[in-house]
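*Asks:* My structure is below; once you've seen it, I'll send some questions.
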Amino acid sequence: MKSIRQVLFCVAILCFFFFLNHFLTLYLNPYYLQILIYAGINVILAISLNLVNAQTGQFSMGHAGFMAVGAYASAFFTDRVGPLLHSFFTHVLAFPDFFSSFFIFGFALVIAGCLSAGAGFIVGLPVLRLRGDYLAIATLGFGEIIRVMILNMDVVGGARGFTDIPIYTNVFWLGLCVYGTWMVIGNLIHSTKGRAFLAIREDEVAAECMGIHTTKYKVGAFVIGAFFAGVGGALLAHEVGYLHTNSFTFLRSIEIVVMVVLGGTSLVGSALAAIVLTLLPEVLRFFSEYRMVVYSLVLIFLMLARAKKWKST
Amino acid sequence: MLKINNLIVSYGNIKALQGVSLEVKEGEIVTLIGANGAGKTTLLKTISGLIAPVSGTIYYSKNEKNSSLNHMAPHEIVRLGVSQVPEGRMVFANLSVAENLDLGAFLRRDAREVRESLDKAFQLFPRLKERVTQNAGTLSGGEQQMLAIARALMAKPKLLLMDEPSLGLAPILVKEIFETIRKINQEGLSILLVEQNAHLALQLAHRAYVLETGKIVLEGPARELAMNEEVKKAYLGA
Amino acid sequence: MRKFLLVLAVGMGLVMGCGKKSDDVKIGVYASLTGNTATFGESMRKGIELAFEEINAQGGLLGKKVRLIVEDDQSKPEEAKTAVVKLIKRDRVVAVLGEVASSRSLAGAPECQRSSVPMVTPASTNPKVTEIGDYIFRVCFIDPFQGEVMAKFAYQTLGLRRVAVFTDVKNDYSVGLANYFEKTFLELGGKIIGEESYSEGDIEFRAQLTTIKSQKPEAIFIPGYYTEVGLIARQARELGFQGPLLGGDGWDSPKTVEIGGSAVEGCFFSNHYASDDPASVVQDFIRSFKEKYGEVPDAMAVLGYDAARVLADAIHRASSFQGAKIREALAQTKGYEGVSGRVTIDQNRNARKAAVVLKIENGRVKFFKRVEP
Amino acid sequence: MQFLQQLINGISWGSIYALIALGYTMVYGVLRLINFAHGDIYMLGAMFGYYVAVFLGVAEHASGVRVLSVVLISMLGCGLIGVGIERFCYRPLRKAPRLAALMTAVGVSLLLENGGQLIFGADPKFFPPLIHTREIFRFHEIVLNNIQLMIFAVSLLLMFLLHWIVMKTRMGKAMRAVSFSHDAAGLVGIPVNRVISFTFFLGSLLAAAAGILVSLSNPKVEPLMGIMPGLKAFVAAVLGGIGNMMGAMIGGLIMGISEVLVSGYISSTYRDAFAFFILIFILLYKPSGLLGKTGPEKL
Amino acid sequence: MNLLELKNCTLSFGGLTAVSHLNLNVNEGELVGLIGPNGAGKTTVFNLMTGIYAPSGGDIFFKDSSLSSLRPSQVCRLGVARTFQNIRLFGNMSVLDNVRVAQYIYLNRGLWRTVLRTRSFYEEEEQVFKKAREILNWVGLSQDEADEAHNLPYGKQRRLEMARALATRPHLLLLDEPAAGMNPFEKEELMKLIERIHRELKVSILLIEHDMKVVMGICHRVMVMDHGEMIAEGTPNEVQKNAKVIEAYLGQQINNC
C-alpha cells in the first residue's frame, strides 16, 4: 500500500518538474530562467553546507572544492563517456534521444555526487580532529588544494578550462535536485537520528557520552554535504557549458558560508538567503560598476541588522 | 552609598532579576545570599556595567555626589570607585602577578600613590609578594583569590563587590579570606558580598539580603537573618 | 530574519521584472568591470565606448543612435553567461561585444550562437572561441599565429637557440601562447631549457627567476599580461639576468614601461599595431583616446575599439539589424582598416592580420618588424 | 649557491607575511575574530603610500623627510581606517556569534576591494621608488640588495617594537588582559573598547608598513593586491598558533621560505597547494598551531 | 557481583598524575557515593569510566569487558550513562529533543529509511517520542518539553540531564555533583528522585557529591578519594569515623553550601 503510494508520489514529482520545465522554458524570459537556475544551484549548495556548518557546527570553508570535484567529474563523464553511452542507448537499445540524455545526465549527477562525497570523506577524516577556526582554515586549504590539483590536470583542460560541456541543466533537473537535497537533508535533521548532528553542535562531549559516535557523524555530515555540493557543481557545469578553476576559489566557498550564516540555522533560512544573495547582484546591475560596492555594503548592512536580533537573545 | 531601585534584567525572554532593590551604606558589609541561579552574579554584573538592565536605577554616591551607574562602561564605574572581585577570580592567567596588580591601577596616574597601594596589597597578602614574577595562571586557587582581591584594591575603590570569594577553596583558606575581608572593611571600605556559604557570610556581614529566583525575599540585619527560621531551613540546612 | 529575507527576495524579483523601452539600437557589451581582471575589462569598455561615441556623432548606425549596454561579469565565466543572456533576452541587443578573456568568451559565446546574435570578441585568442559557431567572430589574431611569430622572430631574427618560458598558469591566454611558442621554437630547432610558472596577481617572482637564471638561457619568453611583466623584468634584472625578454600582445600597455622601467629596455613583444605607426587611423585614435580618458590606450582598448568599428562596419554593409544579415556581413569583412591593422575575417571567423614586433627602447615602444600571416 | 639565493628571497618575502600575520594574530587575540579585511588594509597602505608619494613628488626629489612622511602618513591613515572599521562594523557585533562578525569582515573586505577598484581604478600603478635599489652584496651567483635587507631589518625592528609595546607598556598589558577576558578587564578598570581600538590601530599600522615595504621591492600596486598575501598571512598566523605573536612571526617565515622553495625547485603551480599542505600537516600534528596553547578540555 | 571495576588505574597528564593506582568497584544494584576534597580526582575517575580519557595504566571492566580502549559512545552502548558537573545539555534544542536524541543507540533504522521515511521509520519514531515523554513525565518535566533546554531554571536543568542519561537506559548511572548549587528543599527532592531511579528502574548508581547530607542520606557505601588515591571505603557510618577521612576531609569545617 504504502510503497505504491510512494511510487505514485515519485511519478507525480517527476511529472510536476517535467511540466514545470516545459512551462517555464516556453513562457519565462531565459534571463530570469538563468537566474532561477543559479538561485536553485545556490540553494542546493547552501542547504548542503547548512548540514555541515549550521547543524553539525563544523565550520567548513571548503565547499567550493567539493563543488569543483562534482563539476569536473560530471563534465568529464558527459563529455568523454557520454557520447559512447549515447550511441549505445540510441543504437543498441533504441532509446529516443530524450531518454538517452536523461540517463546520461542522471548518471553524471550521481557520479559527481559520489566523487565529491569521496573527496569529502578523504578530507573529513583527518581534518575533523580540528576545531573552530582551525577547522575552517584547514578545510579552506583543502578546497584550494583540490582546485590547484584540477588546475594541473590536462585531461580536464587545466588552465585553459574545460570546454564543450553539453548543456543538460534545466528546470526539471534543477527542481529534482533541489527537492532531493531538501528532502534528504530535511528528513535527516528532523529525525531522531538526525538530531545527533545538532547534539554534536551543542556539546560534542555530551553527545558522545549519549552514545553518538561523533566522528562518524561529523564525517557523515561532511560526506553528505560534499555529495550535494558535487551535485550542485555538476548542475553548474552543465548550465554554463564551460568550466574554469577560477570559479571555485575560496571566495566562492565564502559566498556559500555567507548564505548559511545570513539564513540562520534553519534550512528555509539558508535557502532564502541563497536566493536573496543570487538575486542581489542582478538587481544591482542598475548600478553598473558600482554594484559590487553596493553588494558588499548590503552584505554588511544585513549582518548588522541581524546583530540586533542576536543582541536580544 | 549604593542604592538600587527596582532593577529588572533579562536574558532574551528569561527574566533574571525581577525588580531588585537594595542598598549599601558607607562602611557596611552587606551580603547577598541565595542558591545557584537566583541571580546574584547577574546583579553584580549589572552594577559593574557588564550587563545593561531593562529598567530600574543604580545610584552611587561618593562625597555627596550622586551619580547613576546606568549606561556606564565598566571602566568608568571603576573610576568612580566601585570595583569587583569577579566570580571564578578571573585573574589574567597569562600575565604575571605584578602585571595583574599593575593593571588593577590602570586608571590611576600618580605613580607614587600606586606604589603605596602596591605596598599595602603586599602587606595584606605577603604570599603574593613571594610570587610577584610568577604567571597568575600558575598560582593555587587561594592565591588567585588573594590576587583578585588585591587587584581590585589597586583601583582604590570605595565600594568593593565580591562574587563568591569562597568558591572552590579549602575551608582553612576560606577563613583567611574572610578575615581579610573584615580587615579591609575596618579600614573604611564598603563591601557587597555575594555568597552561597550563608553561614560564614551571615557571621561576617552587617546586613543581608536573600535572593530567590530574581527577587529579594528577605532582608535585615545579618544576625537577625541568621536566626530566622525560614533562612535556617532554606540556607543553613539546620 | 527569515521573513525579512523572504520579503527581500520577493521585492528583488519584482524590481527585476520592470524594464524600459526605447527606440535606439542596442548593442551589448559584457566585460570584467570588477574582479581580478577588471583592468582589462575597463580598458576594453573605454575603447568600445569611444568607438560608438564617434559613430553616434556621425549620425549613428543606419540612422539610429546606438545605445551601449555594458554588463559586468565579475571576471567569472558563469556570470559572463548570465550577462550575455540578459543582454540578448532582456535587452534584446542586436549584437554582442566581448569578452577579453577566452575563458569568459567560451561561456558567453554559446548563448549568442543559440540565439543567432552575432558576437565579436576583441581579444580572446583561444582558437576554440570562434569554433563555437558561425555567429562568433574575433578581431585579434589567435594564439597559434602569435606564438609562431614570436618563435620565428626569436630563432631567425634574434638568432636565439636556448630560451626559457615563464608562463602565467592561471591564465588561459598565457598557457596557450606558451604552448604554441614552444611548439614552433622546437620545430625550428631551438631548445626550451626551462619552463617556470607564476599566477596572475603575483608580485614575487624571484624564486622562479633564480631557477631560470641558473639554467642560463639566452632569453626568456614571458607570455603574460602587462600587469605582471614589469615586475618580472625588474626582478630578473635585479638577480642579474641580462638577456632580452620576449612577450606577446599582453604586454601592450604604458604600464609595462612604467613599471618595468629600465629593466624592459631592449625587450621585444608582438602586437597588433605599433603606436608610432604614422597612419592617421592610428594617430587619430590615440589622440581622441587621450583626449577622452587622459591616458594612453593599451591593447585591450585598441582591440575593443576595433571590434566595435568592425561590427559597425558590418551593420552598415548589411543595412539591417537582423542577426543573420549582420553575421553575413561580418563574415565578408575584408581589409577593414582598423587601428590594430588591416582586418580580414577568414572562413573560421578569425581575423587574419599582420602582427608587428615591437622593441622597447629608451622608454618608448618602437616598431621593429612586421610579420604577415 | 642557488639555494642560498632562494633562502634570501624566502626570508625577505616571509618577513612581509610575518608583518601581516601579526595584525591577524593581535586582532584575533583581543576579539577572537579573523579580521578578513586585514589583507585589504595592507593594500590600502600601499595605495596611500602611492598617492602620498605622488602628491609629494617623492619620485622626483626623494629626500629623507619626504620618504619618512610617505611612510608615516600612510601608516597613520591605515591605522585610522582600521579603527574605523572596528568601530562601525565589528563593535555592533561584539555580542553576536563569532561567525556573524567573521562574515561582516568578509563584507568589509569585499567593500575595500571593490571600492578600491572604483576609487583607485583597477589598473596597476607604479609605486615610485622611494629608495633606489642598490646591490650591496654579491658573491658568485648570490645577490642581495639594499631593499631586501631593509625589508628584513625594518620588519625585525617593527616586530621588536611591537613585542616591547605588548610586553612592557601598560597598554600592552591591557591588551593581554583584554585577550584573556573582556569582562575581567573591564572590571579592573581597563577601557576595553579603547584597548581594542588600539589593537586595530597597531595591527593596521603593521599591515600598512608591510604594504609599503612590499611596494618598495615590487613596485606595483592595485586594489586586489591584498587578497592573496592576506590569505597567506592568515594561514601563517594559524600555522604559528593564532593569538600568539611569536607564532605569527615563525609562521610567516615558514610560509615565505617554503613558498619560495616550492616555486624555485618544484613549480609555482603547486605553491599555494603546498602552503596549505604544510598548514594541514602541522595542524594535524599540533591542532592549535606550532606555538598555540593546547590543553586537555576541561570537563 | 561486580558491575564496574577499576583495577590499578593510573592517569597522568604530562607530568601530573591525576589518578594513581586506583582500585574501585561498583556492585550490581548498589547506590555508591564517591567523595573527597576539591581536586581529589573524582571527576577524572568519571571521565576514565566513560571513556573520555584512556587510563595510562591499569584497566577498567564493566560486566567483565574492558572499557579502557573504548570510545565514550561505545561505553554508553554497554550501559553506562552519566551527568556532568557543570551541566552540559544540548542548550539550543528542546527539552524533548534532548531526551529523544539520547535514545540514539536504540535506533535500528538505517540512513535510507530515515531519509525515505518508510513506515518502519515512523513506527520507530513514535516509539522514541513515547519513551521520551514517559521519561520526562517520570522526572516531572512534562510541562517543559517544548522549551529550549538553556531556558530552564537551574534545578530543572539538572533533572533534565538525569532524564537524558536515563534515556540511554543504563545499567549504571554516574552522577557528578547532582546537588551542587541547590537549596535544601531542592536537595531533598533530588534525593528522593535518585532513590526512585535506583529502586524503580533498577539502575546501579555511582554518585559524586560534596554535600555530606546527601551522601550519607542515600548511599549504601561510600568511597573516599584524596590526591587521586582511594583512602577509605565502607558504609557511611564507618567512613565518618575513619581517621584518614577525618584528616583529609571531614576534619575541615564542613559547611552547607
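The values are calculated or read from the model by the stated rules, or taken from the named source; none is laboratory data. All figures in this text were calculated on a predicted structure; none of them were measured in a lab. Every residue, glycine as well, gets a Cβ built from its backbone with ideal geometry; the counts of neighbours run over all protein chains shown. For the accessible areas, the whole protein counts, side chains as well, though only heavy atoms, and no ligand, DNA or RNA atoms are used. Shrake-Rupley method; radii C 1.70, N 1.55, O 1.52, S 1.80 Å.
*Asks:* Name the residues in the stretch E:125-156 that are aliphatic (A, V, I, L, M), facing another protein chain (nearest Cβ under 10 Å) and either out of contact with any Ser or Thr (no Cβ under 8 Å at 6 or more places or on another chain) or farther than 20 Å from residue E:105 by Cα (or both), would you?
*Replies:* E:132, E:149, E:152, listed by residue number.
*Asks:* Moving on to the next point. Checking residue C:59 against (1) surrounded by fewer than 24 Cβ atoms within 10 Å (Cβ to Cβ); (2) without any contact (Cβ under 8 Å) to a residue 12 or more places away in the chain; (3) in the same structural domain as residue C:296 (by TED's automatic domain parsing); (4) not in a loop (DSSP other than H, G, I, E, B), which single condition isn't satisfied?
*Replies:* Here residue C:59 clears every test but (4).
*Asks:* From (1) open to solvent by 50 Å² or more (accessible area, probe 1.4 Å); (2) farther than 19 Å from residue D:192 by Cβ; (3) touching a Leu at 6+ places or on another chain (Cβ under 8 Å); (4) modelled with pLDDT of 90 or more, pick out the condition that doesn't hold for residue B:79.
*Replies:* The number of the failed condition is (2).
*Asks:* Tell me, which residue of the stretch E:155-169 that is open to solvent by less than 10 Å² (accessible area, probe 1.4 Å) and of a type outside the set (Lys, Arg) is nearest to residue E:214 (Cα to Cα)?
*Replies:* E:162
*Asks:* Filter the stretch D:239-251 down to the residues that are in a helix (DSSP H, G or I) and farther than 13 Å from residue D:38 by Cβ, then identify the one that is nearest to the other protein chains (Cβ to nearest Cβ).
*Replies:* If we take residues in the stretch D:239-251 being in a helix (DSSP H, G or I) and farther than 13 Å from residue D:38 by Cβ, then D:239 is nearest to the other protein chains (Cβ to nearest Cβ).
*Asks:* Go through the stretch C:270-341 and tell me which helices (runs of 4 or more DSSP H), entirely inside it, have 3 or more residues that are among the aliphatic types (A, V, I, L, M) and touching a residue at least 60 places away in the same chain (Cβ under 8 Å).
*Replies:* The helices (runs of 4 or more DSSP H) meeting that bar are C:299-318, C:323-331.
*Asks:* A further question follows. Sort through E:159, E:169 and tell me the only one that's within 28 Å of residue B:12 (Cα to Cα), more than 7 Å from every other protein chain (Cβ to nearest Cβ) and among the charged types (D, E, K, R).
*Replies:* One residue alone meets the criteria, E:159.
*Asks:* Among the candidates B:137, B:88, which residue alone is modelled with pLDDT under 90, within 23 Å of residue D:167 (Cβ to Cβ) and surrounded by fewer than 17 Cβ atoms within 10 Å (Cβ to Cβ)?
*Replies:* Only one candidate qualifies: B:137.
*Asks:* Filter the stretch B:147-168 for residues that are under 19 Å from residue B:112 (Cα atoms) and in contact (Cβ under 8 Å) with a residue 60 or more places away in the chain and give the result.
*Replies:* Residues satisfying the conditions are B:151, B:152, B:153, B:155, B:156, B:157.
*Asks:* Also, quick follow-up: For the stretch E:7-26, which positions are touching a strand residue (DSSP E or B) at 6+ places or on another chain (Cβ under 6 Å) and open to solvent by less than 80 Å² (accessible area, probe 1.4 Å)?
*Replies:* Within the stretch E:7-26, E:8, E:9, E:10, E:11, E:18, E:19, E:20, E:22, E:24, E:25, E:26 meet the criteria.
*Asks:* Criterion first (part of a helix (DSSP H, G or I) and touching a residue at least 40 places away in the same chain (Cβ under 8 Å)) does residue A:66 satisfy it?
*Replies:* yes
*Asks:* Please find, among B:178, B:122, the residue that is more than 26 Å from residue E:183 (Cβ to Cβ) and either within 11 Å of chain E (Cβ to nearest Cβ) or free of Cβ contacts under 8 Å to residues at least 60 places away in the same chain (or both).
*Replies:* Result of the check over B:178, B:122: B:122.
*Asks:* Right, another one. Would you point out which residue out of C:99, C:111 is within 12 Å of chain A (Cβ to nearest Cβ) and either under 13 Å from the mean Cα position of the chain (by Cα) or surrounded by fewer than 22 Cβ atoms within 10 Å (Cβ to Cβ) (or both)?
*Replies:* Every option except C:99 fails the conditions.
*Asks:* When the stretch C:62-91 is examined, which residues are found to be away from every other protein chain (no Cβ under 11 Å), outside any loop (DSSP other than H, G, I, E, B) and over 25 Å from the mean Cα position of the chain (by Cα)?
*Replies:* Hit for the stretch C:62-91 is C:64, nothing else.
*Asks:* Oh, and also: Please state which one of A:135, A:125, A:130, A:115 is part of a loop (DSSP other than H, G, I, E, B), aliphatic (A, V, I, L, M) and either within 30 Å of residue A:200 (Cβ to Cβ) or in contact (Cβ under 8 Å) with a residue 24 or more places away in the chain (or both).
*Replies:* The conditions single out A:130.
*Asks:* Within the stretch D:63-84, is there a residue that is within 14 Å of another protein chain (Cβ to nearest Cβ), within 22 Å of residue D:200 (Cα to Cα) and modelled with pLDDT of 95 or more?
*Replies:* The answer is yes; a qualifying residue exists.
Every residue, every condition in (1) open to solvent by less than 10 Å² (accessible area, probe 1.4 Å); (2) farther than 27 Å from residue C:104 by Cβ, yes or no:
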position	(1), (2)
A:209	yes, yes
A:217	no, yes
A:220	no, yes
A:223	no, yes
A:229	yes, no
A:240	yes, no
A:243	yes, no
A:251	no, no
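*Asks:* Does residue A:187 satisfy the criteria of being at the interface with another protein chain (Cβ under 9 Å from one of its Cβ atoms) and closer than 30 Å to residue A:21 by Cβ?
*Replies:* Answer is yes for this residue.
*Asks:* Hey, another quick one. Here's a check for you: in the stretch D:76-89, which residue that is touching a Leu at 6+ places or on another chain (Cβ under 7 Å) and surrounded by 23 or more Cβ atoms within 10 Å (Cβ to Cβ) is farthest from residue C:299 (Cα to Cα)?
*Replies:* So the residue we want is D:79.
*Asks:* Which numbered condition in (1) out of contact with any strand residue (DSSP E or B) (no Cβ under 9 Å at 6 or more places or on another chain); (2) crowded, with 24+ Cβ neighbours inside 10 Å; (3) closer than 30 Å to residue C:108 by Cβ is the only one that residue C:225 fails?
*Replies:* (1)
*Asks:* On to the next question. I'd like the full set of residues that are of a type in the set (S, T, N, Q), in a helix (DSSP H, G or I) and either at pLDDT below 90 or farther than 30 Å from residue C:200 by Cα (or both), limited to the stretch D:180-228.
*Replies:* Once the filter is applied, which keeps residues that are of a type in the set (S, T, N, Q), in a helix (DSSP H, G or I) and either at pLDDT below 90 or farther than 30 Å from residue C:200 by Cα (or both), the stretch D:180-228 yields D:193, D:197, D:199, D:217.
*Asks:* Follow-up. Any chance the stretch A:276-292 includes a residue that's in a helix (DSSP H, G or I), within 26 Å of residue A:189 (Cβ to Cβ) and either at the interface with chain D (Cβ under 8 Å from one of its Cβ atoms) or without any contact (Cβ under 8 Å) to a residue 24 or more places away in the chain (or both)?
*Replies:* Checking the stretch A:276-292: at least one residue is in a helix (DSSP H, G or I), within 26 Å of residue A:189 (Cβ to Cβ) and either at the interface with chain D (Cβ under 8 Å from one of its Cβ atoms) or without any contact (Cβ under 8 Å) to a residue 24 or more places away in the chain (or both).
*Asks:* Also, quick follow-up: Kindly provide the set of residues from the stretch C:107-135 that are of a type outside the set (Ser, Thr, Tyr) and assigned to a helix (DSSP H, G or I), ordered by number.
*Replies:* C:107, C:108, C:109, C:110, C:111, C:112, C:113, C:114, C:128, C:129, C:131
*Asks:* Quick one: which strands (runs of 3 or more DSSP E) lie wholly within the stretch B:128-238 and hold at least 1 residues that are over 15 Å from the mean Cα position of the chain (by Cα) and not small (Gly, Ala, Ser)?
*Replies:* Ranges flagged: B:207-212, B:215-221.
*Asks:* Let me ask something else. Can you name the number of the only condition in (1) buried (at least 19 other Cβ atoms within 10 Å of the Cβ); (2) within 27 Å of residue D:190 (Cβ to Cβ) that residue B:62 fails?
*Replies:* The single condition residue B:62 does not satisfy is (1).
*Asks:* Name the pairs: first residue in the stretch D:1-17 and part of a helix (DSSP H, G or I), second residue at pLDDT below 85 and open to solvent by 40 Å² or more (accessible area, probe 1.4 Å), Cβ to Cβ under 7 Å, at least 6 apart or on different chains?
*Replies:* Taking only residues 6 or more apart or on different chains, the pairs are D:2/D:141; D:5/D:141.
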